[in-house]
Structures are given as C-alpha cells and as structure tokens.
Amino acid sequence: MEAEVTFRVDGTSHRLTVDVRTTLLDALRERLGNTSAKKGCDHGQCGACTVLLDGQRVNSCLALAVAHDGAEIVTAAGLASDGELHPLQSAFIRHDAFQCGYCTPGQIVSAVGMLREAEAGWPSAVTAGQPADGGSGGSDGPTVGILTDDEVRERMSGNLCRCAAYANIVPAIQEVARG
Amino acid sequence: MSTITPRAMGQALDRLDGADKVRGLARYAFEHPVDHPAYLFPVQSTVAVGRITGIDRSQASAQPGVLAVLTYHNAPRLSTEDGELRVLQSDEVAFRGQIVAAVIAETSEIARHAASLVRVDYEGRTHNVDLRAEVPGHREHLRVPNEVLPLFPMDTAEGDVDAAMASAAVRVDEVYSTPWYTHNALEPHTTIACWTEEGFTLHLSTQGVTGIQAGVAQAFRLDPSQVRVISPHVGGAFGSKVYPRADVVLAAMAARSVPGRPVKFALTRQQTFSLTGYRPPTIQRVRLGAGSDGRLTAIDHRSIEQTSKLKEFAEHSTRATPSMYAAPNRGTQQWVAELDVPTPTIMRAPGEASGMFALESAMDELAIACGLDPIELRIRNEPDTHPHFHLPFSSRNLVTCLREGARRFGWERRDPTPRARREGGWLIGTGVAAATYPVLRLPGSKATIRADANGRYAVLIAAVDIGTGTRTALTQVAADALQADVEQIDLRLGDTAYPPAAEEGASAGITSWGAAICAAADQLRQRLATEHGGTVPADGLEITADTPENEYLKQYAMHSFGAQFAEVRVHEETGEIRVPRQLGVFACGRIVNPKTARSQLLGGMAWGLSMSLHEQSVLDLRFGHVVNHDLAQYHISSNADIGAVEVHWIEEDDPYVNPMGTKGVGEIGIVGVAAAIANAVYHATGIRIRDLPITLDKLLPG
Ligand code: FES
Ligand code: FES
C-alpha cells in the first residue's frame, strides 16, 4: 500500500508517494537523497538516525513516514545555514569529537534537541531531586541548573559512538552550552 | 634509515573531512547516489549444521516487485577456496545464520518481506558450538592452527618451564577466559554493486579496497582490472571489514543477475552478528614462577580459541607474552577448536586484547603473592633484550610509561590492602597493567606522487580512512616527505583506481602507506634535482614507489608499550561497577597528529572498558547463534559509562621503525585495560575475576 506525504526537510518542501512500511529514515535517505541521518541499527537503539521532528529529537528509524505528513524535519545538513557551520558542529571539529563520523550527525542533532530540553527544564535521571538521585521527585521537584558533565553524559547516552569519542563529545557540547 | 624532518607532523590539525562529517555530507558506501537501484535481502539458515533438503521460492517470486530469488540452484558458480566466500554454492550449512537464499527487489521493503516468504527445509545434524566443552583433557576438536595472524611464531619454548615451576618460591597458575566479542561498527557492512560490460563497480564499506578487488576478481574469474572498489568513508570497522566476506560476494552475485542496475545491500544489525566475524572466545592458562623477590623464573601461556569449519582463523592470544618480561624458562602454545560456528576474524588488537588480560591479571596476582607493588614487580622483570628474539628493542619505554603513569595517577598514595577504601556504599579500588603492540608493516602498498608546475602535489594511494584519521595524517606525512605545506598536498585514497595498498589494520597503516609515500617523495625530489634542475617541468613529474623493505627488522625488535591505570567503584549492595577514571601513558614513537592520535587512544581505552564490563555475545547452545544480536542487548559503552579519561604519551625518537618514526596507535589503547580494571576490582573488593566480562553477578555473594 502506498500513501502520499509532504515534508519540509532542511527548509525545502517535498511531496512523495511512499510505501506505508517506509520509515522516515528510509524516506530521507533512499527517496529524498538526504543521507545526513545515518542508519546504525534501524531499531531505535543507537541514535545515528536522530533528526529534529517538529523541533524535537527523535529516532527517525522508529517513525513511519506516512505518520508524519506535514512534518518539519531538520537534519545535521540543515543545521548549517549558508555554509556556516552550527556552533556545535564547529565545536565537534575543534574537540575531535568523532572518528569515523557515522554517529556524528545524529550526535549533533541530538545535542541541539538535548540543550532545548534542558533549557525547558526537563529533568534527566541524574538531575538533582530525581528519585534516582535520592530526591522524592515530589513537589519541589527536580531542578535543572547549569548542566554538569554527568547531565550531558546521561542525556546523550541514547547516541552510541562505537569509535567512543565520548570523552571529546562532552567538552564539545559543554563549550557551546556554557557559551 | 634517516627519518624525515617533522614540520607538519606533530601538528594537531583538525580532520580534513571534519566539516563534511559534522553535516552528514561525507558519503559512506550505501549513500553513493545511484539511479534506479534494486535492493537485496538475504535468507539465513535456521540450523547450525546440516543440509538443505528443499527450497520453495514460489511465494517470494510471486510478490510484485521481486526481480529474482537466488539460491544454490541458480547462483553463479564461484571459483574460490575460501569457505567464507563460497556463498550459495551447495546444499551444506556450516553455521546458523549462513546465507541460504536472497531476494532482489524494487524496494528494500519488498525485498525484506519476500525474503521472509522463502521456505527452506533442512536435515539438521548435531552441532558443536561450545568452546567451553573443549577443555584441556577432552581435545578431540583441538589442533594447532596452521597459521596464526601474521608474522609471529605460533609456539615458543625456551628452558624447562615445568622444572622451574616446581622449584619456584612463588607460583601463579590460573585459567582466564574471554567471551565472543562482536565489533558492531556503527555503520553496518554495506555495498552498492553494479555489473556492466566493464565488470563490477563496488561501493563498499571496507578496510582495504585492494584486497576486496582481489577476492572478488578471483571468485568471479575476472581480471582485477574488471573490479573497481570505491570506499571514500567508512563508518568504523575495527577489523570486521578487512577480509571480503559473504555479503560482498552476495551483492556482486545479485548485481550479475540484474546487469546494469545498481544493487544496494546493507546488512541489518542482527545479520552482522553472524555474517561479519567476531573476536573468538579464549580459554587461557597462565603459569608464572618467581623467587620471593618477584624475579620471574618461568612464564608459560597457553590458549584455546575457536574457529569455524568453513575457514581457519586464529588470533594469537599468546603473542604478546614473549615480548614482555625476562625469565629463563618460557613457553607459549595455542590451539584452535573447529566448531559449527561462523568464522571469527580480526578485532581491534587481535590477540593482545585477550592475551594481555590473562598475562597482566596473572602479574597482579604474582605481585600480591610476593607482597610487591605491581609496578615494582614489572620493573624488576624488565628484560635487557627481547626475551624471545634476543634482539635489542628499537625503543622500549615500558618502565617510563609505568613511572609517568604512577606519578600522574597518584599511585604512591595507594594502600594495597583490598577493601581498604569505601565511600558511601561504594568500594573503591585502583589497578594497573602494561600494554604492548608490535610495530608491523603490511606488504603490498605503492604510492604515486604527481608534482605539478603550479606547486601542488597529487598523492595517490588506495588506502582507506576508517575513522582513524588517515586522510589527515597521511597528508601531514606527505607534506613533510615533500618538504611542502599541507595546503599543497592533494591526497586521494579509497579507490582501486589509485595504486594498490595494504589494508587498514594491525596499526600498520601509517607505517605501510607512509613509507611508500616517503619513498616516492624521495625519488621525486632526486629526479627533480638531477634531471630538472630542481624545478618541476611544465607538464609535471610523476613517480610511483613501493613500500621499501626495512633493513632493521633483522636487527631490532619493534614494539609499542604503554601503561594503563583505572579506578573502579563497586557498589557493595548491588555489585554495580563504575569506572570514574582511566589514565593511559603510551610510547608509540612519533605522533603524526596529536589530535587524531589522542582520539584513537581514547577510543581504544573505552573499548577496553567496554570489553571488561559490558560486551559479550551470548550463544544459545541449543541453536548455535548469538541471541543478544542487537545494540539493546549487546552492550557497548555509552556516554554515561565513560568517566574522566586521560591520555599521555612519551616522546620517542625511533629511527629504526620507518622514515616517519611512527609505531602505530590504533590497537594499543585497548591492550591491558581489561587487566587494569580486573586488578582494580580485586583491589576494591578482594574478589578476583578471571572470566570476562566482569558483571555484577560475579561480585555478589552466591
Ligand atoms: S538507526 Fe535509528 S536508532 Fe539506530
Ligand atoms: S565517530 Fe564513529 S561511531 Fe561515533
């Protein structure tokens, strides 16, 4: 079965007919020729396919294209505007926060989404006041202040890097987060 | 050998492909734009050993959009003795997950669905997939491998180990084991194959385009010139993409059956667990005998590992041992068990990663038995010359690494008593281990340099960059070899259109390829000087040179060394293990690019942590396959698992290894980490774990 969908990807509108089994990731990569998001597992287990879907980070391999008609999608290719790299992209290069680069677009998009989540006050498992931290998670609630390195590590753990550039990814993100 | 003067080498240049990679614009194999591709999906065997008795492809073939269903009945006959590459050649099944059919279709969704409709019947036979059943004393399937991964004698013996053990004042005699590890490069094995009148074009994720070209050409009875392999960017490999495997052959076969049409084939993560190799599990016995002063009188290291029945692969888990410590009586021995399993392959520091876990754990046990500091024990057993080859080392800075690491790590404040440090509910311990890796040079590389009158140099070599930073580091090497600036160098790699190159592996990339580039640069400068008065002629000048022999190989033993330190916390109640701190000091010759080299060493150390605590392919003995075959169940270290990591190196000037003075940094980062962590776990808890990975169940009381 096929269906027609429309997306805006990195600022450009596309209309296409997709097999209803087609994931958003395959629609981007195989149909629209945008290979910025990568396929590492196809099961929501590695984060290589992370894109911003209507402003939030998602694993695009877990999204069916047909379910997101009208969506606004941003990949790492779209974060760089007019040839200017996004500050996180420059920080990743300076800190050598990657080797093979296959997880990298996903890491960077994920970091953009993550910083927005933190800014909006979303707690993580290591945020002070969380049950995991010995807090009650109750009325005074968790507080997200300045992101500690442990916060960044926790919040970025959905993005696996087999080259294990983690010890460079954290300072690259912190450089941008702390301005 | 004179080493070239470093100007670009030693600079912490950003990766040349960084801006492409951070935007996702660097093209990996599957991303090469092609018109009107077809898609391939394999069917895998559901028995571990047996024979196919029937294949019904009617339902699959009837699906709209299916172009072909390949089985051993209709697949082209191949000409290869390599059991791994003999895809769809007979009705025999040699391991669970072996490719028994494949579907080519208009879309990936159709191919995958149709593959699920191919019905295969088998006559299964009893399988044997359990290495642990192959314990010494019950050795029907054990034999000495014909060949162990390259360049080292398999078994070594000197003196009389048994007699020395019998009379030793202090003895350690223990068995250590390591599990089946799977590489899990983040980019799975992918290919786009196209067959035309000229032959094959393969866009491929590989560690060596030249080797793939040769393997495919042979299998399909073609001249190598009819196989073009292109691999500009590779999303990690770690050994799993060195040799051609079944996936490449299958993709090429599929392309043959739809001529002119590109066929796209990406293994799923699950399929990579049975089709792309793994680090073989090992069972190792280490015997150490010493005087009460800790001076070793005997070192003996034996290992059993597994291979498949299709093809022999053996890694040398005992290889590092003869290079480490002085002792008059020494031995190493290695066996393989042939089982009904997929064929293992090279995986980061093949041999050293597993073997040094055993040896360096045993050294810690010996230090404790002698009441000596483990660093002091190693220093006391430092050899003057290579213990096996009896040659001087071209450079050996193990002791410097240990001392420098101890100083930086704060080792002197350590109370050696187990369970001495406690914070909250956490027991805290620290551990140390030595690391080593040989300096290897792989044969078969050539480089071409073309000088243009406008002052630029094109450097062509079919090397690959699997994330190691080859593109950047070789550009720096070429700049110094040509006495030019980095900006004048236009390095091209990853394509069999360029001169052949050895595969990326064995930490030998810069040595093998760099030496060829240096040789070409040397000849080019000489020709310019003698024939052209020192200026490049208007139509340019081109030179091609081979990697030269290294005349010093017979005079010196060449190895990198390092010291690994780790701090662990073990939760007393839950057994949870954390590693808040790792520190490594390495002696790896000249560092071409401190930024990318540091990343390689960091990555290796994280791999070491991952192999110590997280990774294990769990075999279902009933069926013979890895059950935890995805990234949710096969755990690799995530960001939150890695704490503070420090990487340092000792300045080394080694004029014997190669013209760059480099010794390689890709493997040594992982070596010794597992022992350092196991030693730290012992220090924290008083519990000695000799069976990796160290999981909490092994630390909790019964
Ligand atoms: S490819 Fe989507 S999470 Fe791995
Ligand atoms: S850079 Fe290779 S997986 Fe992250």
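The values are calculated or read from the model by the stated rules, or taken from the named source; none is laboratory data. Keep in mind the model is a prediction, meaning the values are calculated, not measured. Here the Cβ positions follow ideal geometry from the backbone for every residue, glycine too, while neighbour counts run over all protein chains shown. For the accessible areas, the whole protein counts, side chains as well, though only heavy atoms, and no ligand, DNA or RNA atoms are used. Shrake-Rupley method; radii C 1.70, N 1.55, O 1.52, S 1.80 Å.
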_HN-Hα J in Hz across segment B:315-322 - Karplus 6.51, -1.76, 1.60, θ = phi - 60°, x for Gly and Pro_ = 9, 9, 5, 9, 4, 5, 4, x
*Return the average number of partner chain Cβ atoms within 10 angstrom of each residue Cβ along peptide B:639-649.*
5
*Which percent of the accessible heavy-atom area of segment B:456-495 goes to carbon and sulfur, probe 1.4 angstrom?*
36
*Mind jotting down the distance between the C-alpha centroids of segment B:360-417 and segment B:548-567, whole Å?*
17
*asked:* Using alpha carbons only, how many angstrom separate the centre of segment B:287-305 from the centre of segment B:183-248?
replied: 44
_Straight-line reach from B:LYS311: which lysines fall under 19 Å, measuring Cα to Cα and dropping same-chain residues less than 8 apart?_
B:LYS241
_Can you tell me, using C-alpha contacts under 8 Å and at least 6 residues apart, the relative contact order of segment A:2-78 as a whole percent?_
39
*Find the relative contact order for segment A:87-177 and round it to a whole percent, using C-alpha pairs within less than 8 Å whose residues are 6+ positions apart.*
44
*May I ask what percent, to the nearest 5, of DSSP beta bridges between residues of the protein assembly as shown are antiparallel?*
80
*Which shape class, rounded, prolate or oblate, goes with the protein assembly as shown when its Cα gyration tensor gives a ≥ b ≥ c as root eigenvalues, a/c under 1.5 marks rounded, and past that a/b bigger than b/c marks prolate?*
rounded
_Counting only other residues whose beta carbon sits under 11 Å from that of B:ASP20, what net charge do I get with K and R as +1, D and E as -1?_
+4
*Taking only protein heavy atoms and a 1.4 Å probe, what accessible area per residue, in Å², does segment B:223-291 have with all protein chains in place?*
20
*Would you mind calculating the gained length between B:GLU198 and B:GLU423 on full extension (0.36 nm times residue separation, minus the Cα-Cα distance), in nm to one decimal?*
74.1 nm
*Of all DSSP beta bridges located in chain B, what percent are antiparallel, nearest 5?*
75
*Using modelled backbone amide H atoms (1.01 Å from N, in-plane), which distant-in-sequence or interchain residues come within less than 5 Å of B:ALA435's amide H?*
B:GLY562, B:ALA563, B:GLN564
*How much area per residue is accessible in segment A:87-177 when the probe is 1.4 Å and only protein heavy atoms are counted (Å²)?*
35
*What ranking do B:530-539, B:315-324 get when scored by the average of other Cβ atoms within 10 Å per residue, highest first?*
B:315-324, B:530-539
*Can you give the mean number of other chain Cβ atoms that lie within 10 Å of the Cβ atoms in peptide A:40-47?*
6
*Within straight cross-link reach of B:LYS554, meaning Cα distance under 20 Å, which lysines are found once same-chain residues fewer than 8 apart are removed?*
B:LYS663
_Around B:THR206, under 14 Å between beta carbons, what's the net of Lys plus Arg minus Asp minus Glu among the other residues?_
-3
*Percent of C-alpha pairs per 10 Å bin, chain B, short to long*: 3, 15, 24, 25, 19, 11, 3, 0, 0
_If Rh is defined by the Kirkwood formula over all Cα pairs and Rg also comes from Cα, what ratio Rg/Rh do you get for segment A:87-177?_
1.02
*asked:* Checking an interface number: how much accessible area is buried between A and B, summed over both chains, with a 1.4 Å probe, in Å² rounded to 100?
replied: 4200
*Rounded to the nearest 500, what is the protein assembly as shown's calculated 222 nm mean residue ellipticity when only DSSP H runs of at least 4 contribute -39500 (n - 2.57) each, over all residues?*
-7000 deg cm²/dmol
*Can you give the accessible area per residue of segment B:25-121, in Å², using a 1.4 Å probe?*
40
*Can you give me the Cα centroid spacing of segment B:578-630 and segment B:78-99 in angstrom?*
31
*Dipole size in debye (nearest 20) for the protein assembly as shown around its Cα centre, Lys and Arg Cβ +1, Asp and Glu Cβ -1?*
400
*Starting from the amide H of B:THR307, placed 1.01 Å from N in the peptide plane, find each other amide H under 5 Å away whose residue is 5 or more places distant or on another chain.*
B:ALA337, B:GLU338, B:LEU339
*What net charge is computed for the residues neighbouring B:ILE591, neighbours being all others with C-beta under 10 Å from the C-beta of B:ILE591, Lys and Arg scored +1, Asp and Glu -1?*
+2
